[in-house]
């Protein structure tokens, strides 16, 4: 059997939402499963290259299009959760995991979330991570004290009738002005930025609504607290990957380092990498081979135990 090219499947999750997911299989019998949770205003297909690196190391990869994104948005609407709201995304993570567990019984399970997906992955691990062999958070928001006020403002906007209105995340580009595009904050690689801009299932074509942003940012505020991380399984290994110039993770990844401190205080084994001059999408960065190498090395160490 040869590696597959992200074959698409659909499952029905809570609220009657039909979730599209991709599956990539390794050439031989897999030694573990990796579930990837993508970020805001993108989709699972953008992780084809990463999936190729993972399958080459004997890992089966599963990645859904989140509610409001990719093919799943055909049922929920772009940038919208559908029923029952933000908690539905956690049910979807569990549903995809159950599919992978049924197809690969007894294999170790790893969960990898990028950006907004890292919020969902952390919250999912806190709610239902007892069978995880490892948790990877790429480009996480971390512990951002200002986010609480942001959530309050978003909730006020929703209460004022703006819930369905799109939210502009263009402020992340401010540190890179004058910029070539609105998305120079993603990676330094111009070709990757151009591919994102040209993707009809990414960027300006797939904005979050105020309601969606209030839901996921509120989830981040709750998850990145001592009370939140206390719900993580004892001994869960965590890998944090971020760029030093990622505007999402704070100056010099300060918010991510604060999360690493919370996790270590919880007694968990944490490995953190902050890549000099790298921006938000470390798997699409100019040093992506280094990043993927660090990820694969960490996974190998977890599976060797």
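The values are calculated or read from the model by the stated rules, or taken from the named source; none is laboratory data. None of these values were measured; they are calculated from a predicted model. All Cβ positions, glycine included, derive from the backbone under ideal geometry; neighbour counts span all protein chains shown.
When the stretch 268-305 is filtered for residues that are touching a strand residue (DSSP E or B) at 6+ places or on another chain (Cβ under 8 Å), free of Cβ contacts under 8 Å to residues at least 40 places away in the same chain, more than 17 Å from residue 191 (Cβ to Cβ) and not in a helix (DSSP H, G or I), the ones remaining, listed by number, are 268, 269, 270, 271, 272, 273, 274, 275.
Among residues of the stretch 90-107 being in contact with a helix residue (DSSP H, G or I) (Cβ under 6 Å, 6 or more places away or on another chain) and touching a residue at least 40 places away in the same chain (Cβ under 8 Å), the one that is farthest from residue 202 (Cα to Cα) is 91. For the condition in contact (Cβ under 8 Å) with a residue 60 or more places away in the chain, under 19 Å from residue 228 (Cα atoms) and assigned to a loop (DSSP other than H, G, I, E, B), residue 113 does not qualify. Filtering the stretch 246-267 to residues that are surrounded by 14 or more Cβ atoms within 10 Å (Cβ to Cβ) and assigned to a loop (DSSP other than H, G, I, E, B) leaves 246, 247, 248, 249, 250, 266.
Any residue at all in the stretch 135-152 that's in contact (Cβ under 8 Å) with a residue 60 or more places away in the chain, surrounded by fewer than 21 Cβ atoms within 10 Å (Cβ to Cβ) and closer than 29 Å to residue 99 by Cα? No: zero hits.
In the stretch 140-153 there is at least one residue that is modelled with pLDDT of 95 or more, in contact with a strand residue (DSSP E or B) (Cβ under 7 Å, 6 or more places away or on another chain) and under 23 Å from residue 213 (Cβ atoms). Among residues of the stretch 198-216 that are at positive phi and surrounded by fewer than 23 Cβ atoms within 10 Å (Cβ to Cβ), those with a Cβ under 9 angstrom from a residue that is modelled with pLDDT of 95 or more and in a helix (DSSP H, G or I), sequence gap 6+ or separate chain, pair up as 203/196; 203/197. Scan the stretch 71-99 for residues that are under 18 Å from the mean Cα position of the chain (by Cα) and assigned to a helix (DSSP H, G or I) and the total you get is 14. Residue 230 passes every criterion in (1) without any contact (Cβ under 8 Å) to a residue 60 or more places away in the chain; (2) surrounded by 14 or more Cβ atoms within 10 Å (Cβ to Cβ) apart from (2). The C-beta contact set for the stretch 33-49 (first residue outside any strand (DSSP E or B), second residue modelled with pLDDT under 95, distance under 6 angstrom, 6+ apart or interchain) comprises 40/208; 41/203; 41/206; 48/6. When residues in the stretch 156-197 are screened for being assigned to a loop (DSSP other than H, G, I, E, B), touching a helix residue (DSSP H, G or I) at 6+ places or on another chain (Cβ under 8 Å) and more than 25 Å from residue 215 (Cβ to Cβ), 6 of them pass. Suppose the filter is within 27 Å of residue 162 (Cα to Cα), part of a loop (DSSP other than H, G, I, E, B) and in contact with a strand residue (DSSP E or B) (Cβ under 7 Å, 6 or more places away or on another chain); does residue 68 pass it? Taking the combined requirement at face value, the residue does not satisfy it.
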